[in-house]
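*Asks:* One structure, pasted below without further comment.
The values are calculated or read from the model by the stated rules, or taken from the named source; none is laboratory data. This structure is a prediction, so every number in the text was calculated from the model and none was measured. Every residue, glycine as well, gets a Cβ built from its backbone with ideal geometry; the counts of neighbours run over all protein chains shown.
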Amino acid sequence: MKYRLLLFSLVIASITKAQTSVITSGGRTVGVYDNIYGAVLPVIKPDDIEGSPFLSDDWNKGTVVFKKGKRADSLPLKFDIINNKVYFRRDTMAMEFLEEVTFFLFNYYEDDALKTAYFKNGYPEEASQNSATFYQVFVEGNSFHLLKYLKRLIREDYVYNGPPKRKYVMQDMWYVFDVKKKQLILVKPNKSFLQKKFNAESDRIDELCRKNNWDLKTTDQMIALFIELNKE
């Protein structure tokens with residue numbers, strides 16, 4: 001009996017050390033890869049839809065922090081906007097995280113410009129979003145967080161005498177998280193709208209827009225505004 005127990009322990013240890021994947025009863029390939037629990041995704045991008053469901057079609061190395069405090073660096077990452085999920089790559093396999101992710105970030109190229117994508121969850125419920133929903137974070141201050149909820153819809157355009165054409169349509173939405181009120185606020189990149197939503201900051205918004213000639217219709221101006229509003 002002792003011999004059998006010892007042999008069983010050695011087998012388990014060798015499996016753990018080798019980080020061997022297993023097949024679950026549900027038919028998913030799952031396993032531990034460099035201390036990261038993941039499940040293989042058979043298909044991550046349909047071929048019959050024009051455009052892309054991802055922030056970037058490339059795998060970009062980044063950092064992931066899990067709810068229980070574990071951290072993983074230099075993982076090839078990809079963010080699925082349609083499903084609001086981050087994936088990682090192991091060898092040639094696209095994997096879904098089986099542990100709850102708190103935030104992640106990676107650098108990617110957009111029109112030859114290098115950008116940083118930082119995503120975080122844990123914000124209050126809003127419409128169809130909940131505390132597990134990831135938002136792209138542009139400003140994170142003591143008073144306000146400037147966020148964007150990335151959203152893609154699949155639209156069908158009917159073609160005479162042919163099959164309908166399907167394509168991804170962007171419907172991103174800006175949000176501001178009021179840290180003191182713990183409130184998530186849907187906003188528009190518009191000076192008058194922001195003055196009404198943040199009445200206590202109305203004069204300051206007006207002053208900053210006049211001084212810098214901002215109309216607040218660009219991402220860079222929205223970022224600059226909320227960096228200033230976070231200053232004491």
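*Asks:* Got a sec? Which of Asp157, Asp91, Asp111, Asp73 is out of contact with any Asp or Glu (no Cβ under 9 Å at 6 or more places or on another chain), of a type outside the set (S, T, N, Q) and under 13 Å from Trp59 (Cα atoms)?
*Replies:* It is Asp91.
*Asks:* Is it the case that some residue within the stretch 196-213 is under 25 Å from Ala113 (Cβ atoms) and among the charged types (D, E, K, R)?
*Replies:* no
*Asks:* Which of the residues spanning the stretch 124-150 are assigned to a strand (DSSP E or B) and hydroxyl-bearing (Ser, Thr, Tyr)?
*Replies:* Across the stretch 124-150, the qualifying residues are Tyr135, Tyr149.
*Asks:* When you check Val169 against the structure, is it under 24 Å from Asp57 (Cβ atoms) and exposed (fewer than 13 other Cβ atoms within 10 Å of the Cβ), yes or no?
*Replies:* So Val169 fits the description; yes.
*Asks:* Considering only residues that are free of Cβ contacts under 8 Å to residues at least 60 places away in the same chain, among the charged types (D, E, K, R) and in contact with a strand residue (DSSP E or B) (Cβ under 6 Å, 6 or more places away or on another chain), which ones fall in the stretch 47-69?
*Replies:* Result: Lys61, Lys67.
*Asks:* Moving on to the next point. May I ask you to list the residues in the stretch 68-93 that are at pLDDT 95 or above and in a loop (DSSP other than H, G, I, E, B)?
*Replies:* Ile81, Asn84
*Asks:* Here is a further query. In the stretch 184-208, how many are farther than 18 Å from Phe138 by Cβ and not charged (D, E, K, R)?
*Replies:* Number satisfying all stated conditions: 5.
*Asks:* Looking only at the stretch 201-214, decide whether some residue is under 23 Å from the mean Cα position of the chain (by Cα) and exposed (fewer than 15 other Cβ atoms within 10 Å of the Cβ).
*Replies:* no
*Asks:* Anything in the stretch 94-110 that is in a strand (DSSP E or B), of a type outside the set (Phe, Trp, Tyr) and either at pLDDT 95 or above or in contact with a Phe, Trp or Tyr (Cβ under 9 Å, 6 or more places away or on another chain) (or both)? List them, or say none.
*Replies:* Selection gives Ala94, Met95, Glu96, Val101, Thr102, Leu105, Asn107.
*Asks:* Taking the stretch 70-119 as the search range and keeping residues that are without any contact (Cβ under 8 Å) to a residue 24 or more places away in the chain and of a type in the set (Ser, Thr, Tyr), which one is nearest to Pro42 (Cα to Cα)?
*Replies:* Applying the filter and picking the extreme gives Thr92.
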